[in-house]
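Down below is the structure, laid out as structure tokens.
The values are calculated or read from the model by the stated rules, or taken from the named source; none is laboratory data. Note that the structure is a prediction, hence the values are computed from the model and not measured. Cβ placement follows ideal geometry from the backbone for every residue including glycine, while neighbour counts extend to all protein chains displayed.
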Amino acid sequence: MGREEAVDAPTVLTELRGAIALITLNRPHALNAVDAAMATALGDAIASASDDDRVRCIVITGAGRGFSAGYDLKAFARGEDAEHPEHPEWGFAGIVRHVIDKPVIAAVNGFAFGGGAEIALAADIAVAGDSTRIGFPEVARGLVAAAGGVVRLQRILPRRVASELLFTGAPMSADRALQHGLVNKVVEDDQVLDAALDLAGTISRNAPLAVQATKGFLRESERYASEWDADIWDAQDRLVMPVFDTDDAAEGARAFAEKRDPVWRGR
């Protein structure tokens, strides 16, 4: 593919694989750097997958050599935003503040730097290749990792490890990312997408309302400091207990008793 053809290609590709929405960042000629067009396309793809009843899990990966090099600094220098023009509340790349009810898995191939790493941080689960590097080099460009890096890293990593990444801008290896829980699994480079799709398949075989309620409560529970706070149990009851009255809950019990696979209807 020539450069002109590559530039004219869609910046985000979407594909439905059974109950999995596969979303591919598709600016390989620019190392999948995020400009306004990609932010708009990614935000729309996420929204479409979220609204599609066929979709139970979302996988995001990058075309070419890496996941994403982050904010397109050439676009930034032109004064171009990297947000969806109609949905600025979704944040950088149309995803980092986008409330997504369905599980999202980042299949991090090659590298994820800056805003690219922050896209991966916005996912619920991350799979990386053994040569993957993840870094937040914003400080070396006079910027701050303000698209989730500062907010989310300190919640995932030990504070001193997060500080090292954010202050130095030096990348972290996949093995060290796994050691500290920044990624869930490290596989051979050519197995990243397959491993992410395999995880997505496992999730998609579970009851969709139960999975979504679980994710919703995980998000809500971050508001509370202690499991002994009565409010966190009230929040759980409000978000989770309705699942027990669904048709899917009854189907799960019947399928167990009848020793067969359940047929989920999402109601």
Inset, instruction - Pull up the range 71-91, narrow it to residues that are surrounded by fewer than 24 Cβ atoms within 10 Å (Cβ to Cβ) and of a type in the set (A, V, I, L, M, F, W, C), then point me to the one that is farthest from residue 12 (Cα to Cα). - result: 77
Inset, instruction - Looking only at the range 182-200, decide whether some residue is over 30 Å from residue 137 (Cβ atoms) and in a helix (DSSP H, G or I). - result: yes
Inset, instruction - Taking the residues in the range 65-80 that are out of contact with any strand residue (DSSP E or B) (no Cβ under 9 Å at 6 or more places or on another chain) and either among the small types (Gly, Ala, Ser) or within 19 Å of residue 139 (Cα to Cα) (or both) as candidates, determine which candidate is modelled with the highest pLDDT. - result: 74
Inset, instruction - Would you point out the residue of the range 222-238, among those that are part of a loop (DSSP other than H, G, I, E, B) and in contact (Cβ under 8 Å) with a residue 12 or more places away in the chain, that is nearest to the chain's Cα centre (by Cα)? - result: 222
Inset, instruction - Please go through the range 126-148 and pick out each residue that is among the charged types (D, E, K, R), modelled with pLDDT of 95 or more and surrounded by fewer than 17 Cβ atoms within 10 Å (Cβ to Cβ). - result: 130
Legend entry - In the range 163-179, the residues that are surrounded by fewer than 16 Cβ atoms within 10 Å (Cβ to Cβ) and either in a loop (DSSP other than H, G, I, E, B) or aliphatic (A, V, I, L, M) (or both): 170
Inset, instruction - Could you give me the residue pairs with C-beta distances under 7 Å whose first residue belongs to the range 191-212 and is more than 18 Å from residue 54 (Cβ to Cβ), whose second residue is of a type in the set (Gly, Ala, Ser) wherever it lies, and which are 6+ apart or on separate chains? - result: 192/107; 192/128; 192/129; 193/107; 196/107
Inset, instruction - Working only within the range 107-145, note down all residues that are under 19 Å from residue 12 (Cα atoms), of a type outside the set (D, E, K, R) and assigned to a helix (DSSP H, G or I). - result: 115, 116, 117, 119, 120, 121, 122
Inset, instruction - For residue 111, state whether it is in contact with a Lys or Arg (Cβ under 8 Å, 6 or more places away or on another chain), surrounded by 24 or more Cβ atoms within 10 Å (Cβ to Cβ) and on the phi < 0 side of the Ramachandran plot. - result: yes
Inset, instruction - Only residues in the range 139-161 that are at positive phi count as the first member; pair them with residues that are of a type outside the set (S, T, N, Q) and in a helix (DSSP H, G or I), Cβ under 8 angstrom, at least 6 apart or cross-chain, and list the lot. - result: 148/92; 148/118; 148/121; 148/122
